[in-house]
Structure formats: C-alpha cells, structure tokens
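The values are calculated or read from the model by the stated rules, or taken from the named source; none is laboratory data. Computed from a predicted model, the values in this text were never measured in an experiment. Here Cβ is always computed from backbone atoms with ideal geometry, including for glycine, and neighbour counts include all displayed protein chains.
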Amino acid sequence: MKKFLFRQILLFVLLIFLQVWLFNSIHLFGVATPLVYIYFLIKLPVNTNRNMVLLLSALLGFSIDIFEYTWGLNMFAMTITGFLRHFFLKLFAPRDLFDEYIPSFTTFGKQMFIRYAGILTLVHIVILFATESLSLFDPLRLCMRIAGSYILTILLIFALDSLNFESLKK
C-alpha cells in the first residue's frame with residue numbers, strides 16, 4: 001500500500017512538472033497543446049473514493065493553475081472531469097473485474113480503455129478551452145484548438161500507458 005501511494009504521489013508531481021516545463025511550451029501549428037496531466041485522473045484506481053477523486057482532481061488543477069497563472073481554469077475543468085469520472089467508469093469499465101484494479105490497456109482491454117480515456121480527455125479539453133475563450137467569437141479556432149490538443153494529448157496518454165509501468169513493481 002505504501003509503495004502504491006508513493007507511486008501515485010510521484011506520478012502526480014511528475015505530471016505537473018512535465019506539463020509546466022515541457023508540454024506547455026509545445027504549441028503544434030499554434031493550436032495544439034498537450035494536456036497530459038489528465039493521465040493522473042485516468043490512472044486512479046477504480047475503487048478510489050469519489051470525494052478523494054474530486055479533491056485530487058481539484059488539487060491537480062490548482063497546481064497547474066499556480067504555474068500557468070490561469071486563475072482557476074484548470075481547477076474548474078479538472079473538478080468537473082473528476083466528478084464525471086465515476087459515470088464514465090460505470091459506462092466503460094468491465095463488470096467482471098475487481099474493484100482494486102487501475103484502468104489501463106490490460107485491465108480494460110484496448111477498445112474500452114481507448115473509449116474511457118478518450119471521452120474523459122475530450123470532456124476535460126472542451127471544458128477547459130470553452131471556459132478559457134468565454135465566447136464563441138472565433139468558433140473555428142476554438143474547434144481547431146480542441147481537436148488538435150485532443151489528438152496530441154490522447155496520443156501521449158496512450159504512449160505513456162503502453163510503457164507498462166507495471167514491470168517496475170518488481
């Protein structure tokens with residue numbers, strides 16, 4: 001249990017560090033920015049208390065906001081995404097698995113994990129960018145930012161998950 005908690009804390013800090021100092025400086029074609037910190041929320045164990053999920057997602061969003069000076073935008077988007085996570089898990093998680101498992105390609109299966117991670121990421125990105133723009137003044141640019149960031153983020157999330165960190169347990 002202590003080893004698992006340490007790994008979760010390490011993942012939390014590592015994703016914040018990578019987002020702030022590496023991924024925020026990537027603006028592919030001027031519109032696509034990867035938001036890989038959502039990977040922490042995706043990888044939380046299924047049996048995590050809903051209040052703890054909300055607290056951790058708000059804390060993660062707040063941490064990103066501190067470094068980006070975005071005045072709560074990431075915290076707002078992460079908290080709503082954390083709230084919706086339970087419903088997406090019920091929708092996409094296989095019913096025959098134990099409650100202690102962590103969502104991944106191996107536990108969910110490739111197709112279900114792609115759906116679960118994809119919809120959670122899309123919801124987060126749409127909420128974040130729609131709140132950030134606060135208008136539909138330039139809807140084409142907003143759609144391009146959402147689509148570009150979604151594709152880039154989901155590719156990086158799948159790459160991270162396919163690294164199979166389970167082999168590091170031994």
Q | Checklist (1) surrounded by fewer than 19 Cβ atoms within 10 Å (Cβ to Cβ); (2) in contact with a strand residue (DSSP E or B) (Cβ under 9 Å, 6 or more places away or on another chain); (3) at pLDDT 95 or above applied to Ile26, failing item | A | (3)
Q) Got at least one residue in region 17-34 being aromatic (Phe, Trp, Tyr), within 30 Å of Ser133 (Cα to Cα) and in contact (Cβ under 8 Å) with a residue 12 or more places away in the chain? A) yes
Q) Take the residues of region 33-64 that are under 10 Å from the mean Cα position of the chain (by Cα) and hydroxyl-bearing (Ser, Thr, Tyr): which is surrounded by the fewest Cβ atoms within 10 Å (Cβ to Cβ)? A) Tyr39
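Keeping to region 69-102, report how many residues are under 17 Å from the mean Cα position of the chain (by Cα) and assigned to a helix (DSSP H, G or I).
Total satisfying the criteria: 18.
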Q) Of all residues in region 103-141, how many are surrounded by 14 or more Cβ atoms within 10 Å (Cβ to Cβ) and either of a type in the set (A, V, I, L, M, F, W, C) or within 15 Å of the chain's Cα centre (by Cα) (or both)? A) 23
(Q) Which numbered condition in (1) modelled with pLDDT of 95 or more; (2) assigned to a helix (DSSP H, G or I); (3) closer than 22 Å to Ala130 by Cα is the only one that Val53 fails? (A) (3)
**Q.** Any chance Gly148 is under 18 Å from Leu35 (Cα atoms), surrounded by fewer than 17 Cβ atoms within 10 Å (Cβ to Cβ) and in contact with a Phe, Trp or Tyr (Cβ under 9 Å, 6 or more places away or on another chain)
**A.** no
Q. In this structure, is Lys90 surrounded by fewer than 16 Cβ atoms within 10 Å (Cβ to Cβ), farther than 20 Å from Gly148 by Cα and among the basic types (Lys, Arg)?
A. yes
Q: Could you tell me whether any residue of region 152-162 is among the aliphatic types (A, V, I, L, M), at pLDDT 95 or above and surrounded by fewer than 19 Cβ atoms within 10 Å (Cβ to Cβ)?
A: yes
Q: Could you figure out which of (1) outside any loop (DSSP other than H, G, I, E, B); (2) in contact with a Ser or Thr (Cβ under 8 Å, 6 or more places away or on another chain); (3) of a type in the set (A, V, I, L, M) isn't true of Leu35?
A: (1)
